[in-house]
Structures are given as C-alpha cells and as structure tokens.
Amino acid sequence: MLLSDAPYINLFYNHFFGIGGLFVFVLGCCVGSFLNVVIWRLPLGMNLSVPASHCPKCGSQIKLYDNIPIIAWLVLRGKCRECKIAIPPRYIIIEACTGLMWFAVVYSGKYYDLPLSQVMGMLILTSVLISASLIDIETRTIPIQLSYFGICFALIFSLAFPQSQLLSSDHGLFEIQPAYSFLNELNPRLRSLFHCLFNITIAYIFMYLCAKLGKKVFGQHKVICDPPVQVKLNKTCCQAEDDEPLEWKEILTEKDEKIQFFTNDDGKIEINSEGKATKNGLDWKIEPEKKIFVKNLNFPSAVIGGGDLKLITLCSAFIGIQGSLVSLGFASFLGMIYLAISKREVKMTQRAIPFAPFIAIAAYSWILLWPFFIEKIRLFIEALRS
Ligand SMILES: [Zn+2]
C-alpha cells in the first residue's frame, strides 16, 4: 500500500488562503529560525541542538517564548532580553523569507496540482538551498553535511512516497523513463528509489566531467600585479599586503597542482599544496617565512567547486536531471551577469564568487516556474531545428 497524501491535500490546497497558507507560513518561519542556527553553527563544526540557543555575549539561555520567530525579535526590539546587545536583523529576515518562500512553494504545488509529498520534497530542497547560499556567502564553502542530508532525505522520501518521484519525471523536457521501462513491473517504491538514484548518479557524473573539463579549459587564473605586490610565503600559506592569509590547500585542491609566482627579479617560484617550493626549478626553502615581490602569478582555478557539484547533484534528487541542469545553466548565466555588473577587481587572494546563491535562485525559480522554463526551451529547440 502506498502512503497517500490525498486527505492532507484538502486541508492545504482547498483552504490555502486561510488556515492552510497561514500554517505553511508559520511553519516556514520556524524552519527559518532553525536555519539561522544551521548557518551559524554548521561551518564552526558545532552540534546543532546542544548547547541550547544562548546569547553570544552574556551567555544567557534564550527562553522558549523568546524563540518565537519574528514576533520575539519585534517584541524585544532586536535586543537580548538580559544584556540588551543588538540581535542582527538578519535573523528576522531569514525567518520571514523562509516563511514566504515556503508559502510560494505550496502555492505553486496547489496551482500545478502536485501531490503534497512532492511539494514537501521541494520545501526541504528550498530550506537546504537557503542555508547553503548564506553559508557560502559567509565562508565561501558549502558544508558537505548539507548535501548529504539532502540526498539521504530524498532517497528515504522516494521510498516512503513513490508519487513524489514518479510524477517528477512526467513534466520534463525529454522522456527519460522509457530508458528503464523494464522497471514498470517493479514495486512502485523500488521504481521510485531507482528513479531517484538514477537522477543523482547521472547528475553527479555530468557535473564531475564538467568540473574536469572546466579546469582543463579555463583552469589557469592569471593575475598581473602592477605595481608589484609584496607577498609573504610560508609552509602553509601566503599573504599579500592588506589581504587575508590564504592556505595552499585552499588554492590547490589536487596534488599535482602548483601556484606560480613571477617575482621582481625575474625569478619563477612554484609551490604545491604541501608547501613544497622550487625557485627557477631548484628546491627552495620557505621556512619559516619568505618575502617576495610579485609581478604576476598563475594559479589553477576551479570553474565548478566541489561544493557546487554536490549541490547540483542534490537538486537533481528533488527536481530531476532536467531541472538541475536547467538550474545550472541559469545559475551560470546569473553568475556571469553578476561578475559583469560588479566589475570586481581581481585581487590576489580573490577566490571564486560564491556560486551557491545563484544555484539556489535558479533551482527555486525552477520549482515555482518549471512550465515556463520548459516552454521557453522547447521554443528555443524548435527555433534551432527550423
Ligand atoms: Zn545577552
């Protein structure tokens, strides 16, 4: 027997502009409140539930009624109840945005008449994307736990609610299902699990190849320093004047990669991820510290980071291969526009722009507007053919 979500659909869809929608918004705000904890604690490697929420300044535990999303912040006028330190408005903004985004997802589910289980999957995806984006903006990394959580959730969910997966393939651009129509005889749960695994695998392989190819084609990042910049080198990191130290392991993700510095005195220094250096081809010691003046440098840059790769793979578990690939294309487009508009000066330690927010915007747009995307791409393909 399948777990049916039909009885709940009545509550949410038929009473959406009433109790259903209000419930979704409030629940979304509560999840947003939890996402605040995730965004703060996950990059620090802290446990998400212990210790209980407390004020970072005075350490007083935050009472249950002061944890009520949005309202508590407004009642306390954005200050800690005990020590009156300001609580950044960011908290209330994330809570309200999560609530509104949940509301919009359920509304789109009602509009397209999707099974509630599929909508629930989209809500989880939306929440993971919000936290991944904000953590990426702050730390330039996407914690691997987020992607693993999402993928595990999708797999378990596909077993529990087969209709959440089987339907998601029906409104795609290309018909993938016949490729494994032999599975039609199978139990729907197994079919749905297979479908989810299939999406994850294909998306991962595709993204992995893209990342490899991207590195081959656009892999070298050249920076010219005019006038020359003083850079301190040591065994673990480098640091340009007026800039944050940058670890070798952060710039060089693979063993055979090297960063090249071309110095003022026409020297060529190469350093690998373990901090082993050569100068003009000969071994060179950078312990305890060396100062050089750099004219220009080359370093390998990843077009697609490891975190981005896993985030797209995670998206495919919920919105299918087509949704995730369209999202990747749209995200790259948004990223390029951002780079063109912001015209950011390339500093030596400038890392790739955080890409997760663009993936999140694109995937969220797909969740709300997939028929629009499909229509546009169909027209585009037809135009190419004629
Ligand atoms: Zn306090």
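Since every read-out is calculated from the coordinates, none of them should be taken as a lab result. Everything quoted here is computed from the prediction, not taken from an experiment. Glycine gets a Cβ as well: all are built from the backbone with ideal geometry, and neighbour counts include every protein chain shown.
Taking every alpha-carbon pair within the chain, the share separated by more than 40 Å comes to 28 percent. Helical content alone sets the calculated 222 nm signal of the chain at -17500 deg cm²/dmol, taking -39,500 (n - 2.57) per DSSP H segment of four or more residues and averaging over every residue.
For the stretch 29-119, the relative contact order comes to 34 percent (Cα pairs under 8 Å, sequence separation of at least 6). When the Cα positions of 300, 245, 267 are compared along the charge dipole of the stretch 220-300, 267 comes out farthest toward the positive end, with charges on each C-beta of Lys, Arg, Asp and Glu. Ordered by the count of other Cβ atoms within 10 Å of each Cβ, fewest first, 237, 29 give 237, 29. Assuming charge only on the beta carbon of Lys and Arg (+1) and of Asp and Glu (-1), the dipole of the stretch 220-300 about its Cα centre is about 280 debye to the nearest 20.
Between residue 53 and residue 76, the contour length at 0.36 nm per residue exceeds the Cα-Cα span by 6.7 nm. For residue 54, enumerate residues with amide H under 5 Å from its amide H, sequence gap 5+ or separate chain, H modeled in the peptide plane. Answer set, sorted by chain and number: 62. With the simple model of a label 7 Å out from the Cα in the direction of the Cβ, residue 221 to residue 342 spans 1.2 nm. Model label sites at residue 145 and residue 283, defined 7 Å from Cα along the beta-carbon direction, differ in position by 4.2 nm.
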